[in-house]
1. Put a dot 7 Å past each Cα toward the Cβ at residue 101 and residue 58; how far apart are the dots in nm?
2. So how many Å³ per residue does the convex hull of the Cα atoms of region 40-93 work out to?
3. With unit charges on the beta carbons (Lys and Arg positive, Asp and Glu negative) and the dipole taken about the Cα centre of region 84-133, which residue among 93, 113, 130 sits farthest to the positive side?
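A short reminder: the numbers here are calculations on the coordinates, not readings from a lab. Worth saying up front: this structure is predicted, and the values here are computed from it rather than measured. Counting neighbours? That spans all protein chains shown, and the Cβs are built from the backbone with ideal geometry, glycine included.
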Amino acid sequence: MKPMLKLILKPVAIAALGLAALVVAGVITVPPAARAAVESGSEFAFGVPATIGSIKASPGISTTTLGFSDYEIESPDGFEEPLLTFGHFEVGVGTRSLVGNVKELGVLEIKDVELTILQNGLRSNLAPVVAQLKSLAERSREGAAPGAEGDPATEGADDGPKGPGPRLKVGRVRIAGVRARLKVDGIPGVQPVDETVELPVLERDWSSDSGEEGFTVADLSAHLLEELEISALEGLRGEVPDEVLDAVAKGLEGGLDTILDGASQELEGILGEKAGELLDAGSGLFGGR
């Protein structure tokens with residue numbers, strides 16, 4: 001072989017071997033690592049178990065595409081139906097960033113989403129999760145990255161089985177095929193409902209929100225759930241009575257005691273009216289007014 005041809009083929013062969021090694025390494029190592037990071041990070045964020053059905057990775061020189069199927073966030077104990085499911089969840093990750101502290105996500109595509117909000121009496125499947133996310137957000141604003149047991153951890157901690165997960169630099173987010181179900185029963189003075197609506201496509205740019213340091217998985221989870229919750233309540237407006245949505249929203253904002261207080265006040269008003277009617281009837285029997 002001529003020396004010039006050898007000089008040309010050698011770098012080509014090295015590049016080809018490097019790409020092959022990248023593909024093999026990506027196929028073997030990326031899905032398990034991604035599964036562990038997302039499942040543990042989601043459980044840390046939501047405070048409930050999270051599972052992924054399957055993961056596929058398509059490694060590339062600049063971008064590695066990860067696809068998650070059947071990603072499910074369970075409801076708290078006492079509720080059988082999952083809180084949130086994603087049929088398909090796809091994201092492009094900067095290949096170089098896979099080994100760094102901050103994973104660079106390009107476009108986040110989420111399809112076939114189902115959000116189920118259950119309110120059984122004073123028990124909600126969503127309220128405890130919202131409270132968990134608010135607690136994490138408050139700790140984050142105070143400058144501490146909480147550890148697996150709720151104690152402050154060193155900055156960048158991400159490898160514990162129930163830790164906050166890796167930091168994620170997020171770009172554009174698109175959520176399509178969203179269905180929201182609201183089931184309310186057992187609240188005094190509030191009409192029972194069971195309604196499902198389809199929501200419009202949500203498109204957001206979270207580049208500024210995630211910044212250079214990136215989101216934790218908990219931050220990203222909070223953003224996703226907040227967008228879905230707001231969109232769900234807006235989509236249900238007009239489909240269910242306003243007092244039902246107001247009761248659910250108040251419970252999410254101020255705790256379940258708010259619902260109880262409102263229901264008690266309404267019940268007191270009804271009892272007061274009935275008592276007045278009985279007194280008027282009694283007065284009539286005894287020659288009163």
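1. Here the modelled spin labels are 3.2 nm apart.
2. Once divided by residue count, the hull of region 40-93 is 71 Å³.
3. Farthest towards the positive end: 130.
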